[in-house]
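The values are calculated or read from the model by the stated rules, or taken from the named source; none is laboratory data. Since we're looking at a predicted model, the values are computed, not measured. Here the Cβ is made from the backbone with ideal geometry for all residues, glycine too, and neighbour counts use every protein chain on show. Side chains are part of the model used for accessible areas, which takes the heavy atoms of the whole protein and leaves out ligands, DNA and RNA. Shrake-Rupley method; radii C 1.70, N 1.55, O 1.52, S 1.80 Å.
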Number of protein chains: 2
Amino acid sequence: MRIAVLGGDGYCGWATALYLSQRGHEVAIIDNFARRQWDFELGVQTLTPIQPLPERLNAWHERTGKTIEMLVGDVTEYDFLSTVIKEFEPDAVVHFAEQRAAPYSMIDRRHAVFTQVNNVVGTLNLLFALREFRPDCHLVKLGTMGEYGTPNIDIEEGYIEIEYKGRKDVLPYPKQAGSFYHLSKVHDSHNIMFCCRAWKLRATDLNQGVVYGTVTDETSLDEALINRFDYDEVFGTVLNRFCAQAAVGHPLTVYGKGGQTRGFLDIRDTVRCIEIACLNPAAPGEFRVFNQFTEQFSVVDLAYKVQAAGKKMGLRVEVEHLPDPRVEAEAHYYNAKHSKLIDLGLQPHYLSESLLDSLMNIAIEYRDRVDTALFMPQVNWRNARNVRRRQPGVTVSSASGARS
Amino acid sequence: MRIAVLGGDGYCGWATALYLSQRGHEVAIIDNFARRQWDFELGVQTLTPIQPLPERLNAWHERTGKTIEMLVGDVTEYDFLSTVIKEFEPDAVVHFAEQRAAPYSMIDRRHAVFTQVNNVVGTLNLLFALREFRPDCHLVKLGTMGEYGTPNIDIEEGYIEIEYKGRKDVLPYPKQAGSFYHLSKVHDSHNIMFCCRAWKLRATDLNQGVVYGTVTDETSLDEALINRFDYDEVFGTVLNRFCAQAAVGHPLTVYGKGGQTRGFLDIRDTVRCIEIACLNPAAPGEFRVFNQFTEQFSVVDLAYKVQAAGKKMGLRVEVEHLPDPRVEAEAHYYNAKHSKLIDLGLQPHYLSESLLDSLMNIAIEYRDRVDTALFMPQVNWRNARNVRRRQPGVTVSSASGARS
């Protein structure tokens, strides 16, 4: 298939583009390198030293003989995006090209507005470009499990059958997102659902859980293909951050009680889920939702797993409970369905000791690149403005960002 | 109370500002006159000759001795909006300052993006301004019944108790909006709900039905206080448009079968609902939703009512069924609750023959200002681009906008 990967230079996008190319698809990466710019803005960098995209693609070509096309531009610019759709003629568009960090969206008003406008307008542009120039193309959109929040009933995959006062309907699952970022994905979902109905577009919304891991079969072919490994308080996903903390002897930063339970998946499953969605497209007019994760864990569960893995390696790992900078339930019911991708053939990589060992080993390999000042949360959900502070050589204490 | 009316120069906003002023509140109108600019863009004008806002406010002062403050600016500009909140120190903010026409949002990509960015950013700015400078102020936000779509179960007021697989929760009512405009209100609702939770703001979302009528006790005090009466295919609400059509002998333009059923209310009830909401504020942290309408009608019901009213006046009124330019069910179950405002004291003005007579009389009084070329729908939901055409002296036929 011809597959356009929007945001293909990012964490999930890069792994996906390589996997799809390896599997024989014709792949183009569309990216404006916003993710690299946010690193500069925040004063952070990935633990793993990633290469510029042209060098990544050269290395890929040298190792595999395969070519991934690179198209540089911003999906919020319609002239650019619509030209890409017209000229590349994709069978599927995988849309990762959004601002994806909840803390980033909660820094202040400017970041909240940027996140929502960037994400909503990019997706609207894509919907219009598909309607105008490629109406049969399958949109594979990255959503998030965070769209659902933590309701006290089971979470279904996108829709729920409601029996109410003697009548019945299947309705979109109610949304209770917990940050301006998560809300932007809720907005996207509603917009896409409408366009499938009005224009008979075909779309799959992948409500993804929290991704962990960094190595895939493809990225390990060459040092130049290495993927991002974010461990900072803004972009670092929790398990990766815990491994980096363990590797340098920093306490694991658990927010509140740590009873926050979420769906998780290995990045090797992310890439497989994307291909499964592409190979099994939604029908014209269909807005299909898959919950894309493989296991549920609470945050404190993960901390204890990392602690145990560290102990095996002779590391002493402490678990620190910080005041939760987010507004969320610290203990709650959580039972989210995730069978549709399994039904289509996904064979999950469950979180294992060997995966934890390998993640920890990567963190140890690059431990000299860890900046411990980046671990402590400086974005407090309760503030309208958070000023993130850095002083060279000074580790920021956990309370500094929590002004009210 | 000190009440800021954002969008106070528009149809509902103007009537509301006068009513609140008459009732003794200290009122400020915040407006950027975008609504007047859209008239220029679309080549349309209100049937009733409205005056510039300064002249309206002078007339109000002359007739009543009351002063309404005018603050000119755009709510999407944070410096402006936050200064207004800081300096006017409102107890309640009534937020009408959004692009409110579904057809306008469906013209093309630019109008879709404008509508969503304008509405979402304006509301985000307001939430941040309240959080930063007036956290106890009550936000009274205009939503729309269109957020719910037409589910096959009863529509509740904002939330629904769901029993599912032996567990129970009260969740936000599922949303199925039918245009980029209606979707913008869904986005707003989710954003406001989150801010009430995260920041303990207090908000009431008024999911308003379709408003009809133009005269209120206040606007009838002076010719210079007259309110808008939109009858065009973009901004004209259906009953007002039917009355204008009847007044000039044009067939009533029913879209499809006309079985589309919606909630409706008299503009005299709009203004009362707003005051009721202000006088009974939501609690800190509460996101409260009222369905603001008084009766349900199908579109064809209304056409027959206008036909009957016209007949009494000696007008021959035909009903024409056009292909529906919208994507919507033309016949469906519809039972929407609307008791919360009644419980707080609303005494509805139900649609009566005398109200229809008075509406028709206004249409007849200003019939010379009717441009019949503006009746026919030129925005087709199924198109990604609609080019609205005007030729002087030529009535546009109903099919011209329906290119696919």
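Details
- Of residues in the stretch A:15-34 being among the small types (Gly, Ala, Ser) and out of contact with any Gly (no Cβ under 7 Å at 6 or more places or on another chain), the one most open to solvent (accessible area, probe 1.4 Å): A:24
- Residues (outside any helix (DSSP H, G or I) and either hydroxyl-bearing (Ser, Thr, Tyr) or exposed (fewer than 14 other Cβ atoms within 10 Å of the Cβ) (or both)) located in the stretch B:345-366: B:345, B:347, B:350, B:352, B:366
- Residue in the stretch A:297-304 that is part of a strand (DSSP E or B) and over 30 Å from residue A:199 (Cβ atoms) present: yes
- Residue A:136 over 19 Å from residue A:76 (Cβ atoms) and either in contact with a strand residue (DSSP E or B) (Cβ under 6 Å, 6 or more places away or on another chain) or more than 10 Å from chain B (Cβ to nearest Cβ) (or both): yes
- Enumeration of residues in the stretch A:61-76 that are more than 17 Å from residue A:35 (Cβ to Cβ) and out of contact with any strand residue (DSSP E or B) (no Cβ under 6 Å at 6 or more places or on another chain): A:61, A:62, A:63, A:64, A:65, A:66, A:67
- In the stretch A:147-172, residue most open to solvent (accessible area, probe 1.4 Å) [restricted to those that are facing chain B (nearest Cβ under 7 Å) and assigned to a loop (DSSP other than H, G, I, E, B)]: A:165
- Candidate set: the stretch A:242-271, residues that are charged (D, E, K, R) and open to solvent by less than 10 Å² (accessible area, probe 1.4 Å); chosen: the one farthest from residue A:313 (Cα to Cα): A:269
- Candidates are the residues of the stretch B:1-32 that are among the hydrophobic types (A, V, I, L, M, F, W, C) and part of a helix (DSSP H, G or I); the one that is nearest to the chain's Cα centre (by Cα) is B:12.
- Residue identified as buried (at least 23 other Cβ atoms within 10 Å of the Cβ) and touching a Phe, Trp or Tyr at 6+ places or on another chain (Cβ under 9 Å) among A:185, A:175, A:86: A:175
- Test for residue B:222: is it charged (D, E, K, R) and within 15 Å of the chain's Cα centre (by Cα): no
- Residue pairs whose Cβ atoms lie under 7 Å apart, separated by 6 or more positions or on different chains, with the first residue in the stretch B:181-208 and without any contact (Cβ under 8 Å) to a residue 12 or more places away in the chain and the second open to solvent by 10 Å² or more (accessible area, probe 1.4 Å) and of a type in the set (A, V, I, L, M, F, W, C), are B:198/A:327.
- Some residue of the stretch B:317-334 being assigned to a loop (DSSP other than H, G, I, E, B), open to solvent by 30 Å² or more (accessible area, probe 1.4 Å), of a type in the set (Asp, Glu) and within 14 Å of another protein chain (Cβ to nearest Cβ): yes
- Elements of type strands (runs of 3 or more DSSP E) in the stretch B:175-285, at least 1 residues being out of contact with any helix residue (DSSP H, G or I) (no Cβ under 6 Å at 6 or more places or on another chain), farther than 25 Å from residue B:302 by Cα and more than 14 Å from chain A (Cβ to nearest Cβ): B:202-208
Per-residue answers, yes or no, for (1) within 16 Å of residue A:113 (Cα to Cα); (2) within 14 Å of chain A (Cβ to nearest Cβ); (3) open to solvent by 30 Å² or more (accessible area, probe 1.4 Å); (4) not β-branched (Val, Ile, Thr):
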residue	(1), (2), (3), (4)
B:102	no, yes, no, yes
B:105	no, yes, no, yes
B:111	no, yes, no, yes
B:119	yes, yes, no, yes
B:132	yes, yes, yes, yes
B:140	no, no, no, no
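- Matching residues, the stretch A:367-383, being assigned to a loop (DSSP other than H, G, I, E, B), closer than 17 Å to residue A:48 by Cα and open to solvent by 10 Å² or more (accessible area, probe 1.4 Å): A:370, A:371
- Subset of the stretch A:33-61 [free of Cβ contacts under 8 Å to residues at least 12 places away in the same chain and outside any helix (DSSP H, G or I)]: A:52
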